[in-house]
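Written out below as structure tokens is the structure these notes cover.
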Amino acid sequence: QAQLVESGGGLVQSGGSLRLSCLASGMTFTLYVMGWYRQAPGKQRELVANITTDDTTNYVDSVKGRFTISRDNNKNTVYLQMNSLKPGDTAVYYCNAMFRKLDYWGKGALVTVSS
């Protein structure tokens, strides 16, 4: 059974950095487009960044130049390096894996950025 487990969330001051990790199991990791989404209180879930099977990356405009997504296919893990964090980045961050009609989600990791 496919499973995604996020780690690395926490509380950080504005301007600080965090790295989220998502460990995938029960799937052929190299087939999947991996993504990070976030949902802030009272807002809809939005795509933050994704990375394709050939390492092409895509970012929402608000995080370009600050966040970096990467994947390690040997470790079945996708990362989100978040630098220059702002209070507006506060949200629950979700890991996502997509391949054709298959779509899996992690339970989320809370990131709180204090001003």
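Observations on the model:
- Candidate set: segment 100-109, residues that are within 14 Å of M34 (Cβ to Cβ) and assigned to a strand (DSSP E or B); chosen: the one most open to solvent (accessible area, probe 1.4 Å): W105
- When L47, L11 are checked against the criterion of being under 19 Å from V113 (Cα atoms) and open to solvent by 70 Å² or more (accessible area, probe 1.4 Å), a single residue qualifies: L11.
- Residues that are under 13 Å from R71 (Cα atoms) and hydroxyl-bearing (S, T, Y) within segment 17-55 comprise S21, T30, Y32, T52, T53, listed in sequence order.
- Every listed requirement among (1) touching a Ser or Thr at 6+ places or on another chain (Cβ under 9 Å); (2) surrounded by 16 or more Cβ atoms within 10 Å (Cβ to Cβ); (3) of a type in the set (A, V, I, L, M) is met by A97 save one, (1).
- Scanning segment 22-75 for residues that are outside any loop (DSSP other than H, G, I, E, B) and either without any contact (Cβ under 8 Å) to a residue 12 or more places away in the chain or over 22 Å from P87 (Cβ atoms) (or both) yields a total of 19.
- Residue list for segment 71-94, filter: of a type in the set (S, T, Y) and either open to solvent by less than 50 Å² (accessible area, probe 1.4 Å) or touching a Leu at 6+ places or on another chain (Cβ under 8 Å) (or both): T77, Y79, T90, Y93, Y94
The values are calculated or read from the model by the stated rules, or taken from the named source; none is laboratory data. Quantities reported herein were computed from a predicted structural model and do not represent experimental measurements. A quick note on method: Cβ atoms are made from the backbone with ideal geometry, for glycine too, and the neighbour counts reach across all protein chains shown. The protein model used for the area step is the full one, side chains on, heavy atoms only, and it has no ligands, DNA or RNA in it. Shrake-Rupley method; radii C 1.70, N 1.55, O 1.52, S 1.80 Å.
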